[in-house]
1. Is there a residue being in contact with a Pro (Cβ under 7 Å, 6 or more places away or on another chain) and either closer than 27 Å to residue 167 by Cα or touching a residue at least 40 places away in the same chain (Cβ under 8 Å) (or both) anywhere in segment 331-341?
2. If you go through segment 310-338, how many residues are crowded, with 18+ Cβ neighbours inside 10 Å and within 30 Å of residue 289 (Cα to Cα)?
3. Yes or no: residue 405 in contact with a Ser or Thr (Cβ under 9 Å, 6 or more places away or on another chain), assigned to a helix (DSSP H, G or I), more than 17 Å from residue 127 (Cα to Cα) and among the small types (Gly, Ala, Ser)?
4. Please state which of the following conditions residue 86 fails to meet, knowing it meets all the rest: (1) at pLDDT 85 or above; (2) within 19 Å of residue 210 (Cα to Cα); (3) surrounded by fewer than 21 Cβ atoms within 10 Å (Cβ to Cβ).
5. Looking at (1) buried (at least 20 other Cβ atoms within 10 Å of the Cβ); (2) under 27 Å from residue 116 (Cβ atoms), can you tell me which one residue 50 breaks?
6. State all residues of segment 193-219 that are within 19 Å of residue 131 (Cα to Cα) and part of a loop (DSSP other than H, G, I, E, B); if no residue qualifies, say none.
7. So for segment 22-44 (the condition being surrounded by fewer than 16 Cβ atoms within 10 Å (Cβ to Cβ), in a loop (DSSP other than H, G, I, E, B) and either touching a helix residue (DSSP H, G or I) at 6+ places or on another chain (Cβ under 8 Å) or modelled with pLDDT under 85 (or both)), does at least one residue qualify?
Amino acid sequence: MNSPTPAVPSPLDRARRKAYWRLLPVLFVCYVIAYVDRANVAIAKLTMTKDLPGFDNAVIGFGAGVFFWGYFLLEVPGSLIVEKWSARKWICRIMVTWGIMAALTALVKTPMQFYVVRFMLGLAEAGFFPGIVVFLTHWFPARDRTRALALFFVATPIAQIVSPKISNALLRFGTDEIVNGVTLHHPELLGLKGWQWVYIFWGIPAVVLGAVVLIVLKDRPRDAKWLTTEEREALESQLEMEKAAGGKKRMTLLQALSHPMVLLLALAYFCNVTGTYGIEFFLPSILQQWYGLKIDAITWLVILPPILALVAQLFVGWSSDRMRERRLHAVVPLAAAAAAIALAPLTQGNLFLTIACFMVGFGGLKAYLPAFWAMPSLFLTGPAAAGSIGLINSLGNLGGFFGPAVLGKVQTVTGSFVGGIYYLAVSISISACILFFMGLGRQETTSPTAAR
């Protein structure tokens, strides 16, 4: 009996598979480094505040957050540049400049210098994230897009899993450690202390990856020599067909930027990012204050929440594409995150329950992202979609200022993180409510009219 002949993949399927393997690994590594460079202040501050007079939690929180004001200013222009000019050239520029600014953080000595460098880091990185989201719409058909976004987004939990122990090892330079009752001094390296090497070490890969992006990435399928002519044509045709179909109204950029759904998505993202970065920047400090843990223990514990976030993000991206549903795949993880973070202060005294709450919180805060970022393309296309994605990200990321700034200020004034944590939980709850009542992204939905 003859065995059945295996089906030969179509040119479109071959092109889709090649795009996954050629593009996503590079984008993934870039986003890992980007996320470490914006968030490594959470670990660096554990010794940085001891070496720099005047650097309390309010200063660190404000400086960590002021990054997003610089990010805000160039976000929409950066998204449009990716759509109209060249993704690979713009992303290369971004990575080289942000790597330099990230490394320069090692030289700050006053709070004002810290604020300026963080603001400039935001300017340098502006346009990277929405540029990647727009870039993926140039390569991946609708059925693949959420899964591609999910694979890209897992870079953030991976960054949070990989970086703490490396940064912890670097922090030892120039510090004293008590081992068996004996004080050991770890000498400085090239005259620099550990927290300075955290910024320098993670800034260098960004510059190197900028050159890799310029060589490896291609702006659109028609530019990719690693696709056959047949594969290029099949993928381009599919993308053009989807752009013309689906009932998406052609809008001018100005119309898109003032569209009620765009503004609601921006508000929802703002509320979520407020919670996300408030927790990310201060979780090590929260554990240090509540339990008096050493840095070694803290850097092990902060790895656990991203591990759950990694699994949750992949599952939600897969499930959202499989069910062709976005709304509940965004709302349910956010609701779970809000509940877990609100319960966290009640667990003080029980380290296991505290970590469990922050694990669920992290999981929800990351898992909703693939479904959320698939929503703008449900009713926008072309430059309008690019500009709107940039606007949603830039306005939303201002929450990255308010979350750490409020949490740091509340702790400095009251001596406790509890009030600030409740503020973050409420903010995340508002995000979930907005996305639920918008109604956008219900199963099989392709337009706002259908969603309503």
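The values are calculated or read from the model by the stated rules, or taken from the named source; none is laboratory data. Given the structure is predicted, the values throughout are model-derived calculations rather than measurements. Cβ sites come from the backbone with ideal geometry, for glycine too, and all protein chains shown count toward neighbours.
1. Residues of segment 331-341 in contact with a Pro (Cβ under 7 Å, 6 or more places away or on another chain): none.
No, there is no match, as no residue in segment 331-341 is in contact with a Pro (Cβ under 7 Å, 6 or more places away or on another chain) and either closer than 27 Å to residue 167 by Cα or touching a residue at least 40 places away in the same chain (Cβ under 8 Å) (or both).
2. Total meeting the criteria: 9.
3. Numbers: in contact with a Ser or Thr (Cβ under 9 Å, 6 or more places away or on another chain): no; assigned to a helix (DSSP H, G or I): yes; more than 17 Å from residue 127 (Cα to Cα): yes; among the small types (Gly, Ala, Ser): yes.
Against the criterion (in contact with a Ser or Thr (Cβ under 9 Å, 6 or more places away or on another chain), assigned to a helix (DSSP H, G or I), more than 17 Å from residue 127 (Cα to Cα) and among the small types (Gly, Ala, Ser)), residue 405 does not qualify.
4. Among (1) at pLDDT 85 or above; (2) within 19 Å of residue 210 (Cα to Cα); (3) surrounded by fewer than 21 Cβ atoms within 10 Å (Cβ to Cβ), residue 86 violates only (1).
5. Exception for residue 50: condition (1).
6. 217, 218, 219
7. No, segment 22-44 contains no residue that is surrounded by fewer than 16 Cβ atoms within 10 Å (Cβ to Cβ), in a loop (DSSP other than H, G, I, E, B) and either touching a helix residue (DSSP H, G or I) at 6+ places or on another chain (Cβ under 8 Å) or modelled with pLDDT under 85 (or both).
Table: residues versus (1) closer than 28 Å to residue 266 by Cβ; (2) in contact with a Phe, Trp or Tyr (Cβ under 6 Å, 6 or more places away or on another chain); (3) at pLDDT below 85; (4) not β-branched (Val, Ile, Thr).
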{"site": "3", "(1), (2), (3), (4)": "no, no, yes, yes"}
{"site": "7", "(1), (2), (3), (4)": "no, no, yes, yes"}
{"site": "15", "(1), (2), (3), (4)": "no, no, no, yes"}
{"site": "52", "(1), (2), (3), (4)": "no, no, yes, yes"}
{"site": "108", "(1), (2), (3), (4)": "no, yes, no, no"}
